[in-house]
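The values are calculated or read from the model by the stated rules, or taken from the named source; none is laboratory data. Computed from a predicted model, the values in this text were never measured in an experiment. Cβ atoms come from the backbone with ideal geometry, glycine included; neighbour counts cover every protein chain shown.
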Amino acid sequence: MKKIISGYLLGVFLLIGCLANEEDPAATDNDGDTQEEETTMPVEGLEIIAENLDVPWSMEMVEDNMFYITERTGGIVRIEDGEAKRQEVELEHEISTASEAGLLGFTLVSDFSESNQAYAYYTYENGEGQFNRIVTLQLEDEVWREDDLLLDEIPSGAYHHGGRLQIGPDEMLYATTGDASDTQLAQDESSLGGNILRMHLDGSIPDDNPASDSYVYSFGHRNPQGITWAEDGTMYASEHGDNANDEVNVIEPGENYGCPIIEGEEEQEGFVSPLFTSGNEETWAPSGMDYDDDTLYVAALRGSAVLAFDLETGDYREVISDLGRIRDVRVEDDYLYFVSNNGDGRGSPEDSDDRLYRIALSELE
């Protein structure tokens, strides 16, 4: 049923149009189909916090409803007190314009208000090829500058870069990496591709990793783009399947999640099958995710929705739809925040896309 927006626009919005990277229309990836449907249908109880974002990818929130949002094209937008400002980002390497590549994962350190420091994951190219790297960024005078390199030469290909960064409850930095369009990398434990990586905040390898000399925390992943933790410390990740069979997994250290040997509901000894799967007939292209009250909220790109997975019943449902591709979500203070991603070259953006939205969790019941 069509509903009416009851929220209101906050503040001054950026008027810079979206510049999406060229996408490979032949890529057999369930993140890749062009969305033909209408992208902005009204949703009851919805508030638009900001508009005209340039291919937003990762969202961080600090006190007093201040946000930092990475844009795949290389910017970071600060939104505070209803005003949005695009901040310059100075990196050691130029951002790659390959499909799905760019400035991706981003997370703030716990003492950000004092240190002005964050972690970032981005794609670049040099004379030896195309890679992803994890770095620290330092904010000074409205400019983010690459400060320290934590990990370099993470595999990168035509697509499937992974890219999500999160600091876990154990105060370790976790990163998702894609198979870089080479599914065999996901089964190569010596590779940094097709994995979830775990490191100390200074970039060193923890002694209690599954292999003490390796960043690899779990492997056998195709293109994971979301990670979160429940209150009891259980770790979850979202992952793109091959055209279908998208997954939400419980992540255990040292486990093999099967790509490309098994997918969806398939089971085989030595591999972990997903907690939830879209199956053969449906696609989600899941990206960012968050946890609240036995529920996983997951952004869906091709699913054009925010999905809510009930960990008690094993059911899931769409709680947001008709707004186009959704890239990242966050739950804070009884609200769900999320960003649309219609300007990424695979959606159908309207004049004011992309947007940061907010809706009360009570509206989703």
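Would you say Thr70 is closer than 18 Å to Glu142 by Cβ, of a type in the set (Ser, Thr, Tyr) and either at pLDDT 95 or above or more than 19 Å from the chain's Cα centre (by Cα) (or both)?
yes
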Anything in the stretch 76-105 that is within 23 Å of Glu47 (Cβ to Cβ) and crowded, with 16+ Cβ neighbours inside 10 Å? List them, or say none. Ile76, Val77, Arg78, Ile79, Ala84, Arg86
So if I check each of Ala305, Ala360, Ala299, Ala285, which one is in contact with a Leu (Cβ under 6 Å, 6 or more places away or on another chain) and either under 20 Å from Ile49 (Cα atoms) or touching a residue at least 60 places away in the same chain (Cβ under 8 Å) (or both)? Ala285
I'm trying to understand the selection: among the residues of the stretch 124-143, which are over 20 Å from the mean Cα position of the chain (by Cα) and crowded, with 20+ Cβ neighbours inside 10 Å? Leu139
Would you check if Ser58 is under 18 Å from Gly163 (Cβ atoms), of a type outside the set (Phe, Trp, Tyr), crowded, with 21+ Cβ neighbours inside 10 Å and modelled with pLDDT under 95? no
Which pairs have Cβ atoms under 9 Å, sit 6 or more apart or on different chains, and link a residue in the stretch 319-339 that is without any contact (Cβ under 8 Å) to a residue 12 or more places away in the chain and closer than 19 Å to Glu231 by Cα to one that is outside any strand (DSSP E or B) and not hydrophobic (A, V, I, L, M, F, W, C)? Asp333/Asn65
List the strands (runs of 3 or more DSSP E) inside the stretch 84-164, counting only whole elements, that have at least 3 residues being at pLDDT 95 or above and of a type in the set (Phe, Trp, Tyr). 117-126
Just the residues that are among the aromatic types (Phe, Trp, Tyr) and more than 20 Å from the chain's Cα centre (by Cα), please, taken from the stretch 271-330. Phe271
